[in-house]
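A.B. asks: Structure incoming, see below.
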Amino acid sequence: MMRRRRGVLLMLLLLVGWGLASGPTPAHACSCVEIPSPEIALQRSAAVFAGEVLSVRQKGPNLFGGGYAEHPIRATFRVTETWKGVEADRLTVHTSMSTCGFDFDEGMRYIVYAYETSEGLATWLCTRTAELAKASDDLAALGKGKVPPSPEPDKRGLYLFPTGTVLACFSAVVLVIRLLRLRRRHWTRQRGKR
């Protein structure tokens, strides 16, 4: 009986010690004073667009807490509609892992209000960025946007393929002729030795 009590007491002390040793985890809070109207957000933003998330990549690991802002996330979009500042159908937007960062999911569609930073466009929780399905107020206020231009195909490829094919065929013909001549020469030498 005494042994059992000691074991329970030891387990309890280990749990308390572990809890104290691990320390508190850092708390992060994001407080948005005021989320602007769609019209004001459009004026303040460097880019406003709607699009589907193609990929979400984190720049670095965030293990053991802290350093959230040091590990930004890059979300790459296929832009479907634009209201401001977007001239391409593919775009990357930065956010962070902090509670103020926006949590993008691959395959989901969003309306994004982005601002300019030294690393490019970025957004966060206190902009009007939202899932497109939940952004009916924004879409009504902004009106119909423009479809972004598709990238022009690389016209060099149209010429490189036939040129490369012709060169490959020509090289193959030259190689076959050269091999036939070598074989003939070898065959005539063999005949002459007999």
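A.B. asks: Pairs please, first residue from segment 32-53 and farther than 23 Å from Asp105 by Cβ, second anywhere and surrounded by fewer than 18 Cβ atoms within 10 Å (Cβ to Cβ) and charged (D, E, K, R), Cβ atoms under 7 Å, 6+ apart in sequence or on different chains.
C.D. replies: Pairs that qualify, where the first residue is farther than 23 Å from Asp105 by Cβ and the partner is surrounded by fewer than 18 Cβ atoms within 10 Å (Cβ to Cβ) and charged (D, E, K, R), are Pro36/Arg44; Leu42/Lys84; Ala46/Glu116.
A.B. asks: So, Arg78, is that one part of a strand (DSSP E or B) and either without any contact (Cβ under 8 Å) to a residue 24 or more places away in the chain or over 22 Å from Lys146 (Cβ atoms) (or both) or not? Give the derivation first.
C.D. replies: On the way: part of a strand (DSSP E or B): yes; either without any contact (Cβ under 8 Å) to a residue 24 or more places away in the chain or over 22 Å from Lys146 (Cβ atoms) (or both): no.
No, not satisfied.
A.B. asks: Taking the criterion of being at pLDDT below 75, surrounded by fewer than 10 Cβ atoms within 10 Å (Cβ to Cβ) and not in a loop (DSSP other than H, G, I, E, B), would at least one residue in segment 140-155 satisfy it? Spell out how you get there, then give the answer.
C.D. replies: Of the residues in segment 140-155, the ones at pLDDT below 75 are 151-155.
Still in the running and surrounded by fewer than 10 Cβ atoms within 10 Å (Cβ to Cβ): 151-155.
Checking the rest, the ones that are also not in a loop (DSSP other than H, G, I, E, B) come to 155.
Looking through segment 140-155, at least one residue is at pLDDT below 75, surrounded by fewer than 10 Cβ atoms within 10 Å (Cβ to Cβ) and not in a loop (DSSP other than H, G, I, E, B).
The values are calculated or read from the model by the stated rules, or taken from the named source; none is laboratory data. Just so you know, these numbers come straight off a predicted model, no measurement behind them. With ideal geometry, Cβ positions are generated from the backbone for all residues, glycine too; neighbour counts draw on all protein chains shown.
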